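Asks: Take a look at this one; I'll ask things after.
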Amino acid sequence: MQAFGYIRVSTKEQNEDRQIIALQALEIPEQNIYIDKQSGKDFQRTQYQRMLRRMRRDDVLYVKSIDRLGRNYSEILEQWRILTKDRGVDIAVLDMPLLDTRRGKDLLGTFLSDIVLQLLSFVAENERSNIRQRQAEGIAAAKARGVRFGRPPQALPDNFEGVYQQWSTCQLSTSAAARECGMPLATFRYRAKRCQNSEDDSGPDDFEDGEDQ
């Protein structure tokens with residue numbers, strides 16, 4: 001029998017120290033602790049699949065909480081079945097002692113464990129849905145306040161204004177103007193269009209979209 005630990009955080013910026021400390025307290029060998037830094041929407045995770053290939057019957061898998069295993073209700077239940085029934089692996093969820101398949105293997109114990117598992121799996125997925133909704137609402141509110149998302153535009157080259165004037169009076173083609181500024185053609189078109197729109201109240205419909213003159 002070997003003890004394994006599984007840790008998951010959703011992004012590379014999130015800190016997994018709390019989970020590591022909890023698993024190290026169980027004296028799980030370091031080489032048996034696997035960490036994924038990606039979403040819990042499914043189980044196609046590099047380290048999880050690597051751990052799965054190593055696990056054998058009667059091994060024990062420890063996770064800090066059920067949402068660290070995953071956040072998709074149906075997939076958590078399916079993966080639990082694969083581990084416990086098909087592989088013969090025990091699972092212990094540290095934050096929920098009832099979810100420890102080594103205990104209460106009689107009918108009542110299994111029944112209670114199944115109920116708790118289904119409830120917590122549902123809660124994990126519901127929280128994932130709530131997070132997505134809160135993010136969408138936050139983005140919408142920020143846009144309403146005028147917050148701009150994405151990378152800020154790069155500074156224009158020093159000669160852009162002069163080249164733009166030559167381009168706008170048909171002295172330079174779009175391709176030649178982009179070369180003069182050292183800018184990609186699409187970038188020059190975009191920045192020139194913004195300048196033109198700011199000068200002309202007629203809007204972008206009158207803009208010639210970059211054909212060589």
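Asks: Filter the stretch 5-41 for residues that are of a type in the set (Asp, Glu) and loosely packed, with under 13 Cβ neighbours inside 10 Å and give the result.
Replies: Scanning the stretch 5-41 gives Glu13, Asp17, Glu27, Glu30.
Asks: Moving to a separate point now. Hey, does the stretch 88-105 have a residue that's at pLDDT below 75 and either surrounded by 14 or more Cβ atoms within 10 Å (Cβ to Cβ) or not assigned by TED's automatic domain parsing to the domain that holds Asn72 (or both)?
Replies: yes
Asks: While we're on this one: Looking only at residues that are surrounded by fewer than 20 Cβ atoms within 10 Å (Cβ to Cβ) and of a type in the set (Lys, Arg) in the stretch 46-65, which one is farthest from Gln14 (Cα to Cα)?
Replies: Across the stretch 46-65, the extreme among qualifying residues is Arg57.
Asks: So which residues in the stretch 75-105 are free of Cβ contacts under 8 Å to residues at least 24 places away in the same chain and under 21 Å from Gln38 (Cα atoms)?
Replies: Scanning the stretch 75-105 gives a single hit, Glu78.
The values are calculated or read from the model by the stated rules, or taken from the named source; none is laboratory data. Computed from a prediction, not measured in an experiment: that's the story for all the values here. Note that we place each Cβ from the backbone using ideal geometry, even for glycine, and neighbour counts take in every protein chain shown.
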